[in-house]
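Structure first, then comments.
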Amino acid sequence: MKRNPIQPLSLDSRGVMRFKENKIIRNMLDRATQKGIMDLNSIACEDYSQEDRQQFAQLIGYSLSGYGELSYVDDSSFATASEMAETGNDEKDARIEFLEGQLNELKSALRIPMATLFEKHPDDLMEER
């Protein structure tokens, strides 16, 4: 299943790292809120997917730090966005960095249990580079 893209990030006028808002979506939300039709609280009560909620937060220009605090934002999306902001990498490269880090942590955590399972010394399981 293809994921929604992560919005580009940039510093706002106050130095806060934010997702690039989509002005159409932002205006629609602001007008709906003013008219009492819909606001962020009513959206929170609806049955939307986690991925749609994540993208919506990006489209309305959430700050990166605030995005990381939202209950529906998964670690992968936040880590990828953080990597994008920190390094300037595009989404693909940022996601690769995150996944490589996870893989390295998993390898490290499994080194001793796998050595025990295969009756090898842990050093014998080290990857040659």
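Just so you know, all these numbers are worked out from the coordinates, no wet-lab data involved. Since the structure is predicted, the reported quantities are computational estimates derived from the model, not experimental observations. Positions of Cβ are generated from backbone atoms using ideal geometry, with glycine treated the same way; all protein chains shown enter the neighbour counts.
Data for the structure
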| read-out | value |
| --- | --- |
| The chain: Lys pairs at Cα distance under 30 angstrom, eight or more positions apart or on different chains | 10 |
| Span from the region 53-106 Cα centroid across to the region 1-40 one, whole angstrom | 16 Å |
| Percentage of interatomic Cα-Cα distances in region 1-65 larger than 14 Å | 62 percent |
| Estimated Rh, region 37-99: Kirkwood, alpha-carbon pairs, angstrom | 12.5 Å |
| Given charges at Cβ of Lys, Arg, Asp, Glu: the chain dipole, positive-most of 76, 59, 49 | 59 |
| Å³ per residue enclosed by the Cα convex hull of region 89-129 | 68 Å³ |
| Set of region 101-121 residues, backbone N closer than 15 Å to the point 7 Å along the Cα-Cβ line of residue 86 | 101-105 |
| Simple Cβ-charge dipole of the chain, Lys/Arg +1 and Asp/Glu -1, about Cα centre, in debye nearest 20 | 660 debye |
| HN-Hα J in Hz across region 66-76 - Karplus 6.51, -1.76, 1.60, θ = phi - 60°, x for Gly and Pro | x, 4, x, 8, 6, 5, 9, 8, 7, 4, 5 |
| Karplus 3J(HN,Hα) series, Hz, for region 8-25 with 6.51 cos²θ - 1.76 cosθ + 1.60 (x for Gly, Pro) | x, 10, 7, 7, 7, 5, 9, x, 9, 6, 10, 6, 5, 6, 8, 4, 5, 4 |
| Pair-distance profile P(r), taking every C-alpha pair of the chain, with 10 angstrom steps and integer % | 11, 32, 25, 16, 10, 5, 1 |
| Distance between modelled label sites at residue 109 and residue 1, nm, 7 Å Cα→Cβ extension | 2.3 nm |
| Rounded to whole Hz, the Karplus (6.51, -1.76, 1.60) HN-Hα couplings of region 57-65, x for glycine and proline | 4, 5, 5, 8, x, 4, 6, 4, 5 |
| Residues residue 20 and residue 47, FRET efficiency given R0 of 25 Å [Cβ-Cβ distance, rounded to 0.05] | 0.40 |
| Cleavage-rule hits, GluC sites (Glu not before Pro), region 64-128, DSSP coil, Cβ neighbours within 10 Å at most 15 | 119, 127, 128 |
| Rounded FRET efficiency, nearest 0.05, which uses the C-beta distance separating residue 99 from residue 121 and R0 of 35 Å | 0.80 |
